Amino acid sequence: MPMRSSLTSFASCDTDFLVIGGGIAGLRAALELARHGQVLVVTKGDPAESNTFYAQGGIAVALNDDDHVDLHFTDTVKAGHQLCYEPAAKILVEEGLARVQELIEWGARFDTIDGQLAFTNEGAHSRRRILRAGGDATGGEMVRVLLGQVRREPTIQWLGSHFSVDLLIRSGQCRGALVLDERSRAFLLITARAVVLATGGAGQVYARTTNPSGATGDGMAMALRAGAILQDMEFVQFHPTALYLPSSPPFLISETLRGEGGILRNRSGERFMSRYDPDGELASRDVVARAIWSEMLRTKSPHVYLDVTHLGATFVKKRFPSIYATCLRFDIDITEEWIPVAPSAHYMMGGVKTGLDGETTVPGLFAAGEVACTGVHGANRLASNSLLEGLVFGVRAARAAAAFVPQEGQASLSLPLLECDPRRSHMFSDREKVRRSLRRLMWTKVGLVRSEEALQRACAQLAQWEQTSPTFPVTRDEMELSNLIQVGRCIAEAALWRRNSIGAHFRKDFPSTDDPSWNHHSRSVRTMASSPNRSSSVQAG
Ligand code: SIN
């Protein structure tokens, strides 16, 4: 692969604001930015293929009569095991009220009972506060409503099937991005006053994930290369219940099934959760996922079961139409049979470190949604807080981006990838094989239960892959693989650094959960080694 020596060889265009990513945070940010200038939204692949679209359970908001934002705040901080940044959690629950009401005004059809909003329950919530749409298709409804609003805004342009390669930097500020047209394979240089990163998570770094194929951590890797700090990367949420069938992907079986009374059973049929936590099936997600893992090991079974047969066929079909239909496609009638389930990587609590207005450590670069780490989720996200986070911090990041005034200097634009060491311009001989091995390595060595030895092995292998990955990848597949390796390495290094167990991060060699000396955050930064964009190192933050 020839190295590109300058940016002038690329076609270019200019906009006021560039939004990368078309999930709930990106769409909400774009709507806000549309009041302030021209907005270009860039998404890879199909614009509807965001994590948001697949969200089943719902959106948590303290709108029920017996609820209050203070209770929602307390539940959020408790689930986050005191590692939440409390000002961010407060903003989430308080501003979330207006953001959800606004969605309703825009036509969001949340499910109702007798004309009133229907609230359901999920683990670690002290009140029924989860709104849903279409039973178990909440994300699709969010995307429908927000896309409808976006289409009405003449100042918002949309560029689908464009993969963001790298962020453009001038005088230490982010001024746009280089993108690849996935169809023509031409590169396009987009310059902007400010950039909002809303690229979602990185579930594809693991062999088992509920995330769609596009969740490859591109935004996190790009931000790291551009000099931004990643925070709390060791905190990966494993959803307790994804469908476990050799013939199916790990399709999400929503926590709201347990919220409505679903029971977890081991292979002997025993209801086991009360042995692990007094809250049983509705303990926090990290606790339930690890309890299932222990039962799987104890009973030598690759899964446990979720039983909803006692809820009644009419209720189950109406309340969970998508889950019912999907399981039936795999020959499981959930009204009559127990569902085989096992944990799967689901959500990144860590990400690009931001302040309360989505500002990253790189001026001009803002981040919102799963790609960002505002600290709102701490060590474990409270169920159904993520759609709310996308709305609340999408707006805040957009307002801050609109107010950002770049310093115009003489320096030319640069691209972190172009600074890399050309001696390393190897190609993987078998990309697919490396991708599979990477996902297996992360699952077995950086998964639900971790140890020093396994993490060290993972770090060594990831470092080796990073040395041999292409320095300037030219296809979407190559770029995704490079990003997966970089993000995987940040997760593994942060997990190795944190020598205690808290929330979603469990070290069997350091099982203590109440060590106050670990009450701080990990920060992954690009190191200035011979190849500046390559390596990361973890520090206490
Ligand atoms: C679910 O429906 O179980 C997922 C909701 C979430 O991740 O918050």
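The values are calculated or read from the model by the stated rules, or taken from the named source; none is laboratory data. Note that the structure is predicted; figures quoted are calculated from it, not measured. Don't worry about glycine lacking a Cβ; one is built from the backbone with ideal geometry, like all the others, and counts go over all protein chains shown.
The C-beta contact set for region 368-397 (first residue in contact (Cβ under 8 Å) with a residue 40 or more places away in the chain, second residue within 10 Å of the ligand (Cβ to nearest atom) and of a type in the set (Val, Ile, Thr), distance under 6 angstrom, 6+ apart or interchain) comprises Ser384/Ile59; Ser384/Ile130; Leu387/Ile59; Leu388/Ile59. Summed over region 17-39, the residues that are over 22 Å from Ala89 (Cα atoms) and not in a loop (DSSP other than H, G, I, E, B) give a count of 8. Taking residues in region 1-16 that are at pLDDT 95 or above, and partners anywhere that are of a type in the set (Gly, Ala, Ser), the pairs with Cβ atoms closer than 6 Å and at least 6 places apart or on different chains are Thr15/Ala192; Asp16/Gly37.
Within region 473-488, residues that are over 17 Å from Leu167 (Cα atoms) reach partners that are of a type in the set (Phe, Trp, Tyr) and at pLDDT 90 or above with beta carbons closer than 8 Å, at six or more positions or on different chains, in the pairs Ile485/Trp465.
Being within 30 Å of Arg523 (Cβ to Cβ) and within 14 Å of the ligand (Cβ to nearest atom) is the filter here, so list the residues in region 322-360 that pass it.
Looking only at region 322-360, we keep the residues that are within 30 Å of Arg523 (Cβ to Cβ), and these are 343-360.
Hits for region 322-360 are Pro343, Ser344, Ala345, His346, Tyr347, Met348, Met349.
Of all residues assigned to region 77-100, at least one qualifies as being within 16 Å of the ligand (Cβ to nearest atom), in contact with a Lys or Arg (Cβ under 8 Å, 6 or more places away or on another chain) and under 18 Å from Tyr347 (Cα atoms). Taking the criterion of being more than 16 Å from the ligand (Cβ to nearest atom), more than 17 Å from Val145 (Cβ to Cβ) and in a strand (DSSP E or B), the residues of region 40-73 that qualify are Leu40, Val42. The condition of being buried (at least 22 other Cβ atoms within 10 Å of the Cβ) and closer than 27 Å to Gly409 by Cβ holds for only one of Val205, Val196, that being Val196. Could you please give the count of residues in region 127-177 that are more than 16 Å from the ligand (Cβ to nearest atom), of a type in the set (S, T, N, Q) and not in a strand (DSSP E or B)? So the answer is 4.
Taking the criterion of being within 18 Å of Asp333 (Cα to Cα) and within 16 Å of the ligand (Cβ to nearest atom), would at least one residue in region 230-241 satisfy it? Within region 230-241, one or more residues are within 18 Å of Asp333 (Cα to Cα) and within 16 Å of the ligand (Cβ to nearest atom).
Looking at region 182-298, what strands (runs of 3 or more DSSP E) fall wholly within it and have at least 2 residues that are at pLDDT 95 or above and under 26 Å from Gly172 (Cα atoms)? Steps first, answer last, please.
Details: elements: 187-191, 194-197, 236-243, 263-265.
It comes to 187-191, 194-197.
Among the residues of region 103-120, those that are exposed (fewer than 14 other Cβ atoms within 10 Å of the Cβ) and farther than 21 Å from Gly394 by Cβ comprise Thr112, Ile113, Asp114, Gly115, Gln116.
Matching residues to (1) of a type in the set (A, V, I, L, M); (2) more than 24 Å from Cys373 (Cβ to Cβ):
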position	(1), (2)
Glu153	no, yes
Ser164	no, no
Ser171	no, yes
Ala177	yes, no
Leu180	yes, yes
Leu189	yes, yes
Val195	yes, no
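Would you check which residues across region 256-267 are within 13 Å of the ligand (Cβ to nearest atom) and in contact with a strand residue (DSSP E or B) (Cβ under 7 Å, 6 or more places away or on another chain) and list them?
Filtering region 256-267 down to residues within 13 Å of the ligand (Cβ to nearest atom) leaves 256-260, 262.
Within region 256-267, Thr256, Leu257, Gly259, Glu260, Gly262 meet the criteria.
Of everything in region 101-124, what is within 16 Å of the ligand (Cβ to nearest atom) and in contact with a strand residue (DSSP E or B) (Cβ under 7 Å, 6 or more places away or on another chain)? Give them in sequence order. Scanning region 101-124 gives Phe110, Ala118, Phe119, Thr120, Asn121, Glu122.
The set of residues from region 87-130 being of a type in the set (Val, Ile, Thr) and either within 25 Å of the chain's Cα centre (by Cα) or on the phi > 0 side of the Ramachandran plot (or both) comprises Ile91, Val93, Val100, Ile104, Thr120, Ile130. Against the test of being in contact with an Asp or Glu (Cβ under 9 Å, 6 or more places away or on another chain), farther than 30 Å from Glu32 by Cα, modelled with pLDDT under 95 and surrounded by fewer than 18 Cβ atoms within 10 Å (Cβ to Cβ), the options Asp421, Asp477, Asp430 yield a single qualifying residue, Asp477. Can you confirm whether region 206-224 contains a residue that is of a type in the set (Asp, Glu) and within 16 Å of the ligand (Cβ to nearest atom)? No: zero hits.
Looking only at region 369-416, residues that are farther than 20 Å from Val196 by Cα, within 15 Å of the ligand (Cβ to nearest atom) and hydroxyl-bearing (Ser, Thr, Tyr) come to 1 in all. If you go through region 391-402 one residue at a time, do you hit one that is of a type in the set (Val, Ile, Thr) and out of contact with any Leu (no Cβ under 8 Å at 6 or more places or on another chain)? The answer is yes; a qualifying residue exists. For region 268-292, a residue qualifies if it is within 13 Å of the ligand (Cβ to nearest atom) and either closer than 19 Å to Leu243 by Cβ or not charged (D, E, K, R) (or both), and the qualifying residues are Glu281, Leu282, Ser284, Arg285, Val288, Ala289.
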